1. Over region 124-241, with every protein chain in place, what whole percent of the accessible area is carbon and sulfur at 1.4 Å, could you tell me?
2. Taking the solvent-accessible surface of protein heavy atoms with a 1.4 Å probe, what is the per residue accessible area of region 1-101 in Å²?
3. Please state the shape class of region 198-291: rounded when a/c is under 1.5, otherwise prolate if a/b exceeds b/c and oblate if not, all from the C-alpha gyration tensor.
4. If R0 is 51 Å, what FRET efficiency do you get for HIS20 and LYS44 from their C-beta distance, rounded to 0.05?
5. How many percent of the accessible area of region 276-345 is carbon or sulfur, using a 1.4 Å probe?
6. Report, in whole Å, the centroid distance computed from the Cα atoms of region 204-253 and region 316-355.
7. Could you give me D for region 45-402, from Stokes-Einstein at 25 °C and 0.890 mPa s, where the hydrodynamic radius is the Kirkwood radius over C-alpha pairs? Units µm² s⁻¹, please.
8. Which pairs, out of LYS221/LYS377; LYS227/LYS377; LYS99/LYS377; LYS322/LYS387, put more than 30 Å between their alpha-carbon atoms?
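The values are calculated or read from the model by the stated rules, or taken from the named source; none is laboratory data. Model, not experiment: these values are computed from the prediction. We place every Cβ from the backbone using ideal geometry, glycine too, and count neighbours over all the protein chains shown. Heads up: the accessible areas ignore ligands, DNA and RNA and are worked out on the full protein's heavy atoms, side chains in. Shrake-Rupley method; radii C 1.70, N 1.55, O 1.52, S 1.80 Å.
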Amino acid sequence: DLSLLRFISAELTRGYFLEHNEAKYTERRERVYTCMRIPKELEKLMFFGIFLCLDAFLYVFTLLPLRVFLAMFRFITLPCYGLRDRRLLQPAQVCDILKGVILVICYFMMHYVDYSMMYHLIRGQSVIKLYIIYNMLEVADRLFSSFGQDILDALYWTATEPKERKRAHIGVIPHFFMAVLYVFLHAILIMVQATTLNVAFNSHNKSLLTIMMSNNFVEIKGSVFKKFEKNNLFQMSNSDIKERFTNYVLLLIVCLRNMEQFSWNPDHLWVLFPDVCMVVASEIAVDIVKHAFITKFNDITADVYSEYRASLAFDLVSSRQKNAYTDYSDSVSRRMGFIPLPLAVLLIRVVTSSIKVQGVLAYVCVVLFYCGLISLKVLNSIVLLGKSCQYVKEAKMEEKLFNPVLTTTPGKPAGKQQSMFKSTQGISTDENGSASVTNQPVHQKENTPSLLVTSNSDQFLTTPDGEEKDISQDSSELKHRSSKKDLLEIDRFTICGNRID
């Protein structure tokens, strides 16, 4: 007997039991908890990564000049000690000299670029045109970063690889000019970015600044609705760390240029402060929203960010080993796509043009400031090294750091795999069995196996020439393996951050 009254009564009194689908609702609740944990875990990763970038950036201003001076002193005083070794300089010293020469040449080349003329040229453009230019600059910066470290690596390897003939040293020259051209063009690109941001800060209606900030939210649309694996999210996290640190340096350049125009009036700094906070807040909000929804749609837990942090810490700790095959600043460049040389050239150019040093007292202040930078670099490195050791220990990655990892391929004996490590150096331990992480590389016997995990991208730095044939044979077998890679092997910067080939 159906009636309207009975239907209404059934609608008002019917019940349901959520416990009949307990797994579904428990999963939904866990997703909410994960989204609430994302800001904390993400910012811990960002905080650690930004200080890693700061450490690599301060290295250019503090320790690199001292290392170049020591390398030049060794080169000049070498006849006094005699040629005991085949090499005039150690590979690390050659790389340091190349970095120093590139910095000096690019700095003098930047003097031919007029910052004031560029500012007025950009200021005369319309708002829409500037918005398009800023988007093009962001894409170009990622393209430069993805290819720039490869150019520098090619230069370092060409300059330090063993050469049988003296004529082979000529190959360093084209690589050197290519590296100088790259650093110079990338520095100009970053200068245009800083100038566009400066124009946005000084516009009367702040419309350009609002449009540039809204551009960050467009990034959410292009990211959250795509399929992401754990390795892809790690690559995007590294890209976000690099982008945030670069934005901080750009804001510093904008503040320096504006303070110079107002004769270093401290009142004008408080005028810039709200806009700076607004840009930083929008960047943080976009990153939190983007990562929260990516983890939600792809069923990734918030604990994955602690794994990312442990992987970055592993890079730092492994770079302090005796047989480290790369400098830590280069390791950060490969992992995050952050190359400090162009940014350092631009910052030196802006600081020297904005601050005039005159008189003895001014030079004393410069020396004290340099000593302060060295102290900050040393303190930052010590704290980072301690925290990195803690993260590596918590992630139980010590066996990858101190024990040889010799993987065998199917159908191939382990003897050939061990032969690939003949030319690499081992880690010397003290009486207690703990490995040193601060000493310089030393020459060891050829049959000592490597105790570090070498990534695929850097294998050309550590693999002997005689085993190239073995590696080519293994490549066909590796193609049939699973495409899932360990986080320690993901060290190439991708443009979109959502695909790893």
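1. Working: 3780 of 5630 Å².
Here it works out to 67 percent.
2. Working: 7290 Å² over 101 residues.
Heavy-atom accessible area per residue stands at 72 Å².
3. Working: a/c = 3.42, a/b = 2.17, b/c = 1.57.
Prolate, since a/c reaches 1.5 and a/b exceeds b/c.
4. Details: r = 39 Å, r/R0 = 0.76.
Computed FRET efficiency for HIS20 and LYS44 comes out at 0.85.
5. Working: 1070 of 1770 Å².
Ligands and nucleic acids excluded, carbon and sulfur reach 61 percent.
6. 21 Å
7. Working: Rh = 22.5 Å.
For these conditions, the coefficient is 109 µm²/s.
8. On the way: LYS221/LYS377 38 Å; LYS227/LYS377 39 Å; LYS99/LYS377 18 Å; LYS322/LYS387 20 Å.
Distance filter (> 30 Å) returns LYS221/LYS377; LYS227/LYS377.
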